[in-house]
Amino acid sequence: MVLLFFLVLAVGCMALDLPKLMRKRRVRDLSVYFIFWILGLGATVCVLLKLNIPSPLFLIILIYKPINNLFGVWFH
């Protein structure tokens, strides 16, 4: 029930914002708008469905740990 209310509210907000963006015909603005809306909707749906999503910090650690080790070897 809460999920349905949220989706109706999100569609209403998009219906208010989209005509303004469509008049300006800026493709980059529209693409960024949709990317953030999709990410936000996805995150909110995951919270409402109580899905266990790992922290994005793990991805950052996975990327930067080898770089950190490389600099540690260089400057140690």
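Rule-based calculations on the coordinates, nothing more; no lab input. Please read all numbers here as calculations on a predicted model, not as lab measurements. Here Cβ is always computed from backbone atoms with ideal geometry, including for glycine, and neighbour counts include all displayed protein chains.
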### Task
Hey, can you tell me all the residues within segment 1-56 that are without any contact (Cβ under 8 Å) to a residue 12 or more places away in the chain and either in contact with a Cys (Cβ under 8 Å, 6 or more places away or on another chain) or among the aromatic types (Phe, Trp, Tyr) (or both)?
PHE5, PHE34, PHE36, ILE53
### Task
Scan segment 50-76 residue by residue and report those that are farther than 30 Å from LEU3 by Cβ and of a type outside the set (Phe, Trp, Tyr).
ILE61, LEU62, ILE63, LYS65, PRO66, ILE67, ASN68, ASN69, LEU70, GLY72, VAL73, HIS76
